[in-house]
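Submitted below is the structure of interest, expressed as structure tokens.
No value in this document is a laboratory result; all are computed from the given coordinates. These numbers come from a predicted model, not from an experiment. Please note: Cβ atoms are built from the backbone with ideal geometry, for glycine as well, and neighbour counts cover all protein chains shown.
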Amino acid sequence: MRFKWLKKRFTFMVIPDANSHVVRFRLTGWMLSLMTLFIALLAALAVTFYIIQSRSSGTNLLLTHKLVGVTEQFEQTVSEKNTTIEQLQNDLVRLSQQADQVKNKIEELKKLEIEMKTLTGISGGDKPVSILSASPAGSASANMGGDYNPVTDNAIRGLIDDTEQQFDMLGKEIDGLFGTLTETKKQVEEMQHMLAITPNIWPVDSRAVSSGFGVRIDPFNYSPSFHNGMDIAGRNNDPVFVTADGTVITAGWDKSEGNHLVVDHGNGLRTQYMHLNEFLVKKGDKVKKGQQIAKMGSTGRSTGPHLHYGVIKNGVVIDPRPYLKASRKEEP
């Protein structure tokens with residue numbers, strides 16, 4: 001009963017306008033149902049296509065935005081990387097320049113070491129390597145110009161290799177320099193010690209030598225006699241200074257030398273100070289070069305205020321004149 005209408009025929013009339021013929025067409029229930037189903041199917045397909053198209057457009061738009069964002073981020077990252085690489089290259093160039101500067105400083109130290117050895121009389125050492133006054137290649141300074149030529153990767157790699165080799169050589173040179181400077185320091189300290197214990201300064205401020213070392217006419221009996229020191233005239237109580245570091249081993253009096261001091265400087269050297277008016281040190285005292293140890297006088301066998309200064313080397317009195325090479329630092 002339900003499907004009887006499918007067998008029926010349905011007439012449809014189409015009236016275009018008042019003066020036209022009426023158009024009639026008949027459709028069975030089956031055909032009408034199929035047409036309705038077809039139209040519904042087309043409508044469903046259209047709606048589905050529209051939905052898919054809308055979603056696809058939204059997805060494409062979203063992907064486009066994401067792609068643009070990723071592209072911008074990638075470009076920014078590449079730009080930052082390029083900036084970092086350029087900065088590293090600049091740092092490498094500066095590091096290479098610093099290596100050259102350190103190398104020059106080492107050469108200056110070597111030169112200074114040789115000069116120090118020369119000044120202190122220490123033998124040994126090669127001639128210093130000449131130091132270039134020009135700036136290291138690649139350094140940035142004023143009044144320089146030229147075309148800009150971007151550096152190549154091969155040049156950078158070569159600079160890295162050269163810089164590594166320079167620092168490796170600098171490390172070895174510094175290690176060697178430490179050794180030579182340590183030895184030089186030891187030699188200088190030994191030389192300073194030798195200078196300190198060598199009686200090479202004047203024992204008084206006066207330079208009036210009244211009687212030298214050797215044979216002379218004795219001032220008392222006017223006969224030839226051997227004078228075992230050097231007499232330096234001055235005034236009573238003029239300061240008398242020790243001529244080298246040492247230890248006072250004698251501080252006494254006798255009728256010939258009067259008040260007298262003997263200082264042992266080690267290394268076989270001793271100095272004598274005679275006819276003193278007053279002692280400022282005593283036996284056993286440690287004294288330093290240039291320290292005042294007594295006051296000038298005319299005690300003992302003396303004709304007036306003066307200092308009899310003598311030098312004894314390995315138990316033998318010698319002429320003190322060759323040892324009088326310098327003045328005290330305090331003197332003008």
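Computed FRET efficiency, Cβ-Cβ of Leu37 and Lys66, R0 45 Å: what is it to the nearest 0.05? All intermediate terms of the calculation are to be shown ahead of the outcome.
Details: r = 43 Å, r/R0 = 0.95.
The pair Leu37/Lys66 has a calculated efficiency of 0.60.
Which value in nm describes the separation of the simple spin-label points at His21 and Ala44, placed 7 Å from the Cα toward the beta carbon?
So the label points at His21 and Ala44 sit 4.0 nm apart.
Just to confirm the filter: which chymotrypsin sites (Phe, Trp or Tyr not before Pro) across region 205-275 are DSSP coil and have at most 16 other Cβ within 10 angstrom of their Cβ? Walk me through the numbers before you get to the answer.
Values: sites: Phe213, Phe220, Tyr222, Phe226, Phe241, Trp253, Tyr273; in loops: Phe213, Phe220, Tyr222.
For chymotrypsin sites (Phe, Trp or Tyr not before Pro) across region 205-275 that sit outside H, G, I, E and B with at most 16 neighbouring Cβ atoms in 10 Å, the list reads Phe220, Tyr222.
If you don't mind, there's one more thing I want to ask. Karplus couplings for region 260-276 from phi (6.51 cos²θ - 1.76 cosθ + 1.60, θ = phi - 60°), rounded to Hz, Gly and Pro as x?
9, 10, 10, 10, 8, 9, x, 6, x, 10, 9, 10, 10, 10, 10, 6, 6
For region 209-323, report the convex hull volume of the alpha-carbon atoms normalised per residue, in Å³, without decimals.
On the way: hull volume 10.6 nm³, N = 115.
Enclosed volume per residue, from the Cα hull, is 92 Å³.
Let me ask another. Would you kindly derive the ³J(HN,Hα) couplings of region 181-198 from the backbone phi angles with the Karplus curve 6.51 cos²θ - 1.76 cosθ + 1.60 (θ = phi - 60°), listing them in order in whole Hz, with x for Gly and Pro?
These are the phi-based 3J(HN,Hα) values: 5, 5, 5, 5, 4, 4, 5, 5, 4, 5, 5, 4, 5, 5, 5, 5, 9, 9 Hz.
So what J values fall out for region 43-53 if you push phi through Karplus, 6.51 cos²θ - 1.76 cosθ + 1.60 with θ = phi - 60°, rounded to Hz, Gly and Pro as x?
5, 5, 5, 4, 4, 4, 4, 5, 5, 4, 4
Using amide H atoms built 1.01 Å from N in the peptide plane, name the residues 5+ places from Arg328, or on other chains, whose amide H lies under 5 Å from its own.
Those qualifying (amide H under 5 Å, at least 5 residues apart or on another chain) are Trp202.
Using the reciprocal of the averaged 1/r over all distinct C-alpha pairs, how large is the Kirkwood radius of region 200-252 in Å?
On the way: mean 1/r = 0.0757 Å⁻¹.
About 13.2 Å, per the Kirkwood formula over Cα pairs.
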